1. Taking the stated definitions as given, is GLU158 crowded, with 19+ Cβ neighbours inside 10 Å, assigned to a strand (DSSP E or B) and not aliphatic (A, V, I, L, M)?
2. Having 1 or more residues that are over 28 Å from ASP193 (Cα atoms) and modelled with pLDDT under 95 is the bar; report the strands (runs of 3 or more DSSP E) wholly within the range 10-124 that clear it.
3. Counting only residues that are among the charged types (D, E, K, R) and within 15 Å of ALA75 (Cα to Cα), which one in the range 24-49 is surrounded by the most Cβ atoms within 10 Å (Cβ to Cβ)?
4. Out of the residues in the range 102-131 meeting the condition of being among the charged types (D, E, K, R) and surrounded by fewer than 21 Cβ atoms within 10 Å (Cβ to Cβ), tell me which one is nearest to ALA146 (Cα to Cα).
Amino acid sequence: MKVLKDKEPYSYSLDPRSHIVCGVDEAGRGPLVGPVVAACVVLNYDDMIEGLDDSKKLSEKKRLALFDEIVNRAASVGVGMCLPREIDEMNILHASLEAMRRAYLALNPALNVNLMLVDGNKTVKNVPCMVEAVVGGDARVKEIAAASIVAKCIRDREMTRLSLLYPQYGFDRHKGYPTKAHLELLQTLPLLDCYRTGYGPIANLIDRGHKIVPADFTFECGINSNFSVN
């Protein structure tokens with residue numbers, strides 16, 4: 001397993017068709033609530049998608065349009081996630097890597113993927129293929145860029161779905177991140193049990209006796225969903 005620094009070539013960069021490559025990325029390390037979601041994408045080199053880039057550099061409208069392109073035109077897309085309780089149990093780094101492993105396992109096995117390119121400087125373990133970590137990969141590798149878009153769109157979708165049941169929390173706006181407005185809301189609202197209790201702001205509220213209530217909600221990571229592009 002390798003970690004490739006900025007501009008260092010990865011194994012298939014000179015001859016992409018020499019490997020069956022998947023790119024992997026995650027969304028949701030920083031939020032206080034909800035799952036961390038990972039996506040794994042194998043692109044179709046005979047039907048390449050234009051405009052792929054790091055999801056953080058794209059507008060929401062562009063991300064959603066590319067999401068639709070990816071799930072309809074890629075050779076295979078797999079999605080995995082780790083729930084808040086799993087994040088609390090194994091920490092966010094290990095949960096992110098486990099979500100990536102689950103995303104890989106959700107790919108079409110008939111493709112026989114033999115190279116996984118992971119965004120960042122950590123590699124995924126317990127997968128039956130070569131793994132390379134690519135620093136800045138979401139801006140360098142099209143497969144990773146596609147994975148970053150899928151993971152971000154699906155996680156944002158889940159926060160929007162959660163907001164429909166609990167609009168007072170503003171999940172559709174802050175997506176679970178510890179914004180000033182989000183933290184202020186939590187001073188007066190009970191904690192849903194889908195909050196990550198190991199994260200500092202939430203742990204502090206619990207220490208102060210903040211009430212935790214069950215959320216009547218199930219997170220889903222399927223790619224067949226009702227996205228809209230306005």
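The values are calculated or read from the model by the stated rules, or taken from the named source; none is laboratory data. Source: prediction; values computed, not measured. In this analysis, Cβ positions are derived from the backbone assuming ideal geometry, glycine residues included, and neighbour counts consider all displayed protein chains.
1. no
2. Working: elements: 21-27, 36-42, 76-82, 115-119.
Output list reads 21-27, 115-119.
3. Narrowing the range 24-49 to residues among the charged types (D, E, K, R): 25-26, 29, 46-47.
When the remaining residues are screened for being within 15 Å of ALA75 (Cα to Cα), the result is 46-47.
Working: ASP46: 6, ASP47: 11.
Per the stated criteria, the residue is ASP47.
4. Pass one, the range 102-131, residues among the charged types (D, E, K, R): 102, 119, 122, 125.
If we keep only those that are surrounded by fewer than 21 Cβ atoms within 10 Å (Cβ to Cβ) too, we end up with 102, 122, 125.
Values: ARG102: 17, LYS122: 19, LYS125: 21 Å.
By that ranking, first place goes to ARG102.
So that you can scan it fast, the table gives a plain yes or no per residue for (1) surrounded by 18 or more Cβ atoms within 10 Å (Cβ to Cβ); (2) in contact (Cβ under 8 Å) with a residue 40 or more places away in the chain:
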position	(1), (2)
LYS175	yes, yes
ALA181	no, no
CYS194	yes, yes
HIS210	no, no
ASP216	no, yes
PHE219	yes, yes
